[in-house]
Amino acid sequence: MQQFNKILCVVSADDKKNSALTHAVKLAENNQASLTVIDIMDWTPLNIRKFDRSKSSDYMQVIVAQQQNKLDEVISALNSKLTIQSKVLVGVSFLEIIYEVLRNGHDIVLKTAQSGGLLDRLFGTDDMQLLRKCPCPLMLVKPKAHKNHLQILASVDVDDNYPSQELSTRQALNFQILELASWLAISESAELDIVHVWDAASDDAMRFGFTDESKEKIDSDLEASEQRYIQKMNDLMDKIRAKVGSDASTYIKSKTHLLVGRPRKQIPIFAEQIAADIIVMGTVARTGLPGFLMGNSAENILNQIDCSVLAVKPEGFVSPVKLIA
């Protein structure tokens with residue numbers, strides 16, 4: 001069962017709510033993990049030019065110290081028994097987060113989602129950069145999220161129509177997603193819905209008249225495909241039950257679903273239907289390729305949902321962001 005040892009939470013000391021911090025403390029307590037909380041100040045050359053160059057370094061140190069005091073007050077107000085480390089970093093937000101992960105080996109990052117601005121999206125620019133490039137699992141928490149994730153949606157891909165190497169990596173990613181989702185469901189006494197969306201090309205062909213096949217043949221092919229996906233989903237569930245143990249799997253309230261259509265359309269609709277608090281999903285375009293960025297389907301899903309997300313990278317993913325020597 002997935003267990004985290006080093007948790008990183010990104011907050012703003014000026015934000016009184018900090019939804020992600022509540023979940024980070026609970027996650028650290030449940031895992032007996034270390035927790036580091038950081039705040040990031042945007043100190044770019046453009047900002048520095050506003051001040052006397054000779055005094056800019058001193059000024060920055062004063063501002064950082066003030067922000068550190070605010071951050072310490074936020075942590076003190078938690079009244080947690082955890083020993084929480086805190087620090088204020090200076091630089092470009094998403095880069096500093098990834099640098100912190102690379103330097104200190106954090107195995108999950110939690111952050112309150114930003115607003116997408118005029119586009120009315122839950123995730124802002126820094127969030128999308130992290131979803132593409134953060135080397136470890138990333139939980140982006142909706143600003144007004146519940147203290148507990150009561151309804152969890154896990155999105156898997158049990159299709160086997162991929163080259164052998166990629167298929168193996170995708171299957172491993174499915175397992176990672178379900179292991180994380182199952183652990184989260186146990187931790188928060190939540191219900192877990194597991195969904196695979198399959199694209200029935202012959203169904204489209206039938207509806208739009210792009211085939212010479214009879215309706216009976218098309219219906220037969222669709223039924224055979226559905227049964228194949230049901231079996232693959234059952235096989236995946238058997239493996240995850242064996243991994244988490246019979247007691248834990250009995251405790252998890254899980255349901256599986258097969259949806260027909262495009263994932264980018266069906267997953268946001270289904271998430272809204274079940275009032276999902278969080279979606280656990282993979283976020284890379286092609287698995288097993290170092291530094292490969294997020295695919296269009298994942299990005300379209302993330303631009304439509306209105307809930308928190310736990311984003312998972314496949315084993316072997318290498319962030320394109322590197323530490324500066």
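The packing ranking of peptides 5-11, 156-162, highest mean first, is 5-11, 156-162, where packing means the average number of other beta carbon atoms within 10 angstrom of each residue. With a threshold of 31 Å on the Cα-Cα distance, the over-threshold entries among Lys26/Lys243; Lys217/Lys265; Lys16/Lys265; Lys6/Lys322; Lys147/Lys253 are Lys16/Lys265. Taking every protein chain into account, the accessible area of the stretch 89-170 amounts to 43 square angstrom per residue (probe 1.4 Å). Going by a ≥ b ≥ c, the root eigenvalues of the Cα gyration tensor, does the stretch 63-153 fall in the rounded group (a/c under 1.5), the prolate group (a/b larger than b/c) or the oblate group? Verdict is rounded for the stretch 63-153. Within the shell of other residues whose beta carbon sits under 12 angstrom from the beta carbon of Gln85, the net charge comes to 0, with Lys and Arg scored +1 and Asp and Glu -1. The length gained by stretching the chain between His257 and Lys81 to full extension, at 0.36 nm per residue less their Cα-Cα distance, is 59.3 nm. Charged neighbours of Leu167, selected by a Cβ distance under 11 Å, balance to -3 (K, R count +1; D, E count -1). Where the accessible area of the stretch 95-202 is counted over protein heavy atoms with a 1.4 Å probe, how much of it, in %, is carbon and sulfur? Accessible surface attributable to carbon and sulfur in the stretch 95-202 totals 48 percent. Count Lys and Arg as plus one, Asp and Glu as minus one, and take only other residues whose Cβ is under 9 Å from that of Lys111; the net charge is then -2.
The values are calculated or read from the model by the stated rules, or taken from the named source; none is laboratory data. Predicted model, so just to flag it, every value in this text is computed and none were measured. Note that each Cβ is placed from the backbone with ideal geometry, even for glycine, and that neighbours are counted across all protein chains shown. The protein model used for the area step is the full one, side chains on, heavy atoms only, and it has no ligands, DNA or RNA in it. Shrake-Rupley method; radii C 1.70, N 1.55, O 1.52, S 1.80 Å.
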